[in-house]
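The values are calculated or read from the model by the stated rules, or taken from the named source; none is laboratory data. Everything numeric in this text was worked out from a predicted model, so none of it was measured. All Cβ positions, glycine included, derive from the backbone under ideal geometry; neighbour counts span all protein chains shown.
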């Protein structure tokens with residue numbers, strides 16, 4: 001939308017600088033964790049000194065229109081807002097969406113570390129070079145996800161996901177300052193508290209990964225996804241009772257959130 005008007009996604013749009021974006025999962029025609037996404041969207045806007053004239057209600061209505069137009073009720077939607085040669089534009093469009101199949105949750109996934117550091121981990125900004133770099137590494141390594149680390153070997157998160165480790169029923173992750181505050185991650189932190197699970201943020205280095213018993217990824221498209229291996233380090237994540245408990249609690253949270261969103265907006 002430009003000045004309240006719809007912009008055709010086929011129309012060429014040239015951003016003058018990286019736009020702020022959100023990727024929202026649509027389940028049975030309803031945006032998952034919509035209010036939480038809008039809060040993070042606002043945070044990203046503030047970090048780059050953008051002001052968006054569109055309310056959450058207006059954005060929700062546009063999402064509904066897009067779902068009705070495309071007929072896609074189980075897909076991811078991308079929201080972008082930035083400066084273009086046409087002025088400030090809000091873009092909403094469906095994106096190619098791939099979700100892990102059942103076997104990934106039953107067997108876990110393989111991931112690999114790579115020395116890549118995001119410039120501003122707290123703001124969701126489009127970075128074409130970063131995306132191309134990640135895609136190339138995944139293809140060469142034949143892994144599900146790339147885990148970001150710095151030159152000192154300090155682990156941050158996945159390229160499109162957050163990362164957690166488990167030892168003695170305690171959950172560990174990188175420090176908040178080093179990672180993107182994923183919506184699924186925030187929901188899991190609330191679940192940790194409800195389940196009375198200890199959660200600790202600390203610097204996690206690649207050389208210490210053997211200390212942990214299990215690990216998992218979290219994200220919009222994947223929910224809670226067990227990890228089979230990090231590089232050559234193997235884990236029994238799919239049989240870890242903490243991860244099993246988290247997967248069940250998260251699925252319940254998804255169901256409750258969708259029902260609440262329908263009551264508020266539909």
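Collect the residues in region 65-77 that are over 18 Å from residue 19 (Cβ atoms) and free of Cβ contacts under 8 Å to residues at least 40 places away in the same chain, keeping them in residue-number order.
65, 68, 69, 70, 71
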Does region 85-101 contain at least one residue that is closer than 30 Å to residue 205 by Cα, more than 20 Å from the chain's Cα centre (by Cα) and modelled with pLDDT of 95 or more? no
Taking residue 109 and the conditions (1) at pLDDT 95 or above; (2) touching a helix residue (DSSP H, G or I) at 6+ places or on another chain (Cβ under 8 Å); (3) buried (at least 16 other Cβ atoms within 10 Å of the Cβ), which numbered condition does it fall short on, given that it satisfies the others? (2)
Looking at residue 46, is it assigned to a helix (DSSP H, G or I), over 24 Å from residue 266 (Cα atoms) and without any contact (Cβ under 8 Å) to a residue 12 or more places away in the chain? yes
Just to verify a result, which residue in region 13-34, among those that are out of contact with any helix residue (DSSP H, G or I) (no Cβ under 7 Å at 6 or more places or on another chain) and over 18 Å from residue 73 (Cα atoms), is modelled with the lowest pLDDT? 16
Filter region 71-101 for residues that are within 23 Å of residue 157 (Cα to Cα) and out of contact with any strand residue (DSSP E or B) (no Cβ under 7 Å at 6 or more places or on another chain); which is surrounded by the fewest Cβ atoms within 10 Å (Cβ to Cβ)? 96
Output the residue which, of all residues in region 116-142 that are in a loop (DSSP other than H, G, I, E, B) and touching a helix residue (DSSP H, G or I) at 6+ places or on another chain (Cβ under 8 Å), is surrounded by the most Cβ atoms within 10 Å (Cβ to Cβ). 124
